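Contents: one structure, followed by commentary.
The values are calculated or read from the model by the stated rules, or taken from the named source; none is laboratory data. From a predicted model like this one, the values you see are computed outputs, not experimental measurements. Here Cβ is always computed from backbone atoms with ideal geometry, including for glycine, and neighbour counts include all displayed protein chains. With ligands, DNA and RNA removed, areas are computed over all heavy atoms of the protein, side chains included. Shrake-Rupley method; radii C 1.70, N 1.55, O 1.52, S 1.80 Å.
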Amino acid sequence: MIYDIEYETMPREALESIQLRRLQTTLQRVYASVPFYRETFKAAGITPADIKTLKDLKYVPFTTKQDLRDNYPFNMFAVPMDNVVRIHASSGTTGQPTVVGYTARDVGTWSTLMARALSAGGAGRGDIIHNAYGYGLFTGGLGVHYGAERLGASVIPVSGGNTKRQVVIMKDFGATVITSTPSYALHLAEIAEDMGVSFASLKFKFGIFGAEPWSEKMREELERKLNLTAVDIYGLSEVMGPGVAIECHEAKKGLHVFEDHFIAEIVDPKTLEPLPYGETGELVFTSLTKEAFPVIRYRTRDITSLNPEPCVCGRTHVRMNRVTGRSDDMLIIRGVNVFPSQIESVLMEIKEVEPHYQLVVDREDNLDVLTVKVEVGERGFSDEVKGLQQLERRITKTIKELLGVSANVKLVEPKAIERSQGKAIRVVDNRQI
Ligand code: DLL
């Protein structure tokens, strides 16, 4: 069902006129109230009045994660703290966390967009949503929670962790929709199996998975193991949280960006020039309705492309393709660029291994060495050592053929790779230390 039929199916022309009006208002607001934006606009020799069409957005300077860090914690806020009712922060694994704020109206907008998103993903009034995204500073848990309530579904705020108890709850409460990271969903499936609970006996119809990159092959795996339809949801704290874009369950082919609230651009990561529809580059967002923490041309570092083709679901909002990785997650192994998701796609084709893997990069004698650790299925490990070595060689060869990179493949025992309760850690790069 389309939650917000008027806005989600609006003809392009009407949508673009709303975008322009909202963009101009946002630029004026940030110029008046956030010193950072006033300074960057001045340095670029522009004022908000110069932005007369949507195309003029390309003259507006970008905002980076470093800019947000430099203004830690609250200097990017465009309203007085009196008006901020909620604060979230990104995990900050790569340095100072980024802090984001919301007015009461922002929380309302976010809830509506998440209700739209859940609805596009197959949920509705009457559904029971098992929400295993983490509650806390991370936007996943509370973002989905408020959206589910706005939608009129019943939400179980189970959060991440305590996985055995989650299995019991899933069974006893009869949840019909699950929301979690794809890696945690696989872990839940694994624990359920250990406990003798089959997903086929559960009531799940839809899984709404995101917060980390995952592949088409992983979708097949999740749909098979969890016996549901899996859709991809995207978002980031800086832009709002979950619910910036989502796949419709009808097409499952690209994520509709809620364009009446966000302008998405794809730019060449090197030249920063905007790229046309269909070309792959870095995703950049400008928020159009946020009050407390507007973002202007925020460089997400996420790599994808945009698809303007009409969709079977009737939504007119442009679709972004699956995020294949982050530009800062891209590994350069002896000069060859590889994304973890590419390795994932190769591994998923090999039936003897499980979808649990980790990439470890070291530098030995000044050379990059990539080790792909992947779990072998229960049956595989009791097999002969010779068989395992052959399998390692076969995977090494496939990776080399398809991606052009040499990797040491190391088969490990089932469950040897640590399970995460939120975002999986796919890469351990020892070169930076
Ligand atoms: O991960 C928000 C979220 C919560 C999205 C729940 C979806 C579901 P952050 O912690 O700020 O916010 O991380 C944002 O995660 O820039 C991407 O690199 C990555 N990411 C999020 N969703 C996807 C996805 C939340 N569907 C960062 N596919 C983003 C690939 C994703 N990467």
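Here the Karplus relation 6.51 cos²θ - 1.76 cosθ + 1.60, evaluated at θ = phi - 60°, turns the backbone of the range 74-83 into coupling constants of 10, 6, 8, 5, 9, 10, x, 4, 3, 9 Hz, with x for every Gly and Pro.
Of the chymotrypsin sites (Phe, Trp or Tyr not before Pro) found in the range 272-369, those that fall in a DSSP loop while having at most 15 other beta-carbon atoms within 10 Å are Tyr277. Normalised by 2.2 N^0.38 Å, where N is the number of residues, the C-alpha radius of gyration of the chain stands at 1.00. Distant-in-sequence amide contacts of Met240, defined by a placed amide H-H separation under 5 Å and a gap of 5 or more residues or a different chain, comprise nothing. Using θ = phi - 60° in the Karplus curve 6.51 cos²θ - 1.76 cosθ + 1.60, the 3J(HN,Hα) couplings for the range 233-241 round to 10, 10, x, 8, 3, 4, 8, 3, x Hz; x is entered for Gly and Pro. Note on Lys52: aspartates and glutamates with a C-alpha under 15 Å away, same-chain residues under 8 apart excluded, are Glu16. Solvent exposure of the chain, expressed per residue, is 44 Å² of accessible area, with all protein chains present and a 1.4 angstrom probe. Amide H contacts of Gly207: Ile178, Thr229, Ala230, Val231, each under 5 Å away and 5 or more positions distant or on a separate chain (H built 1.01 Å from N in the peptide plane; Pro and chain starts excluded).
Structural size metrics of the range 141-276, computed from C-alpha coordinates, are Rg and Dmax of 16.5, 54 Å.
Between 0 and 90 degrees, the angle of helix 104-120 with respect to the longest Cα principal axis of the chain falls at about 50 degrees.
For a Förster distance of 45 Å, can you work out the FRET efficiency between the beta-carbons of Lys400 and Arg12, rounded to the nearest 0.05? According to the calculation, E is roughly 0.50.
Counting only heavy atoms of the protein chains and using a 1.4 Å probe, Glu16 has close to 80 Å² of accessible surface. What the Cβ-Cβ distance of Gln96 and Glu384 gives, at R0 = 56 Å and to the nearest 0.05, is a FRET efficiency of 0.65. Under 5 Å from the amide H of Tyr102 lie the amide H atoms of Val85, Arg86, each residue being 5 or more positions distant or on a separate chain, with H modelled from the backbone and absent for Pro and chain starts. In straight-distance terms, cross-link reach from Lys373 covers every one of the lysines whose alpha-carbon lies under 16 Å from its own, apart from those fewer than eight places away in the same chain; here that gives Lys351, Lys397, Lys400, Lys410, Lys415.
Of the heavy-atom accessible surface of the chain (probe 1.4 angstrom), what whole percent is carbon and sulfur? Roughly 50 percent, rounded to a whole number.
Rounded to the nearest 10 degrees, the inclination of helix 216-226 to the longest alpha-carbon principal axis of the chain is 70 degrees. For the range 150-223, the set of GluC sites (Glu not before Pro) satisfying both a DSSP loop assignment and a count of at most 15 other C-beta atoms within 10 Å is empty. Rounded to the nearest 10 degrees, the inclination of helix 163-173 to the longest alpha-carbon principal axis of the chain is 70 degrees. Here the 3J(HN,Hα) profile of the range 135-143, calculated from phi with Karplus coefficients 6.51, -1.76 and 1.60 at θ = phi - 60°, is 8, x, 5, 4, 7, x, x, 5, x Hz, Gly and Pro shown as x. Out of every Cα pair in the range 333-433, what percent are spaced more than 23 Å from each other? So the portion of pairs separated by more than 23 Å is 24 percent.
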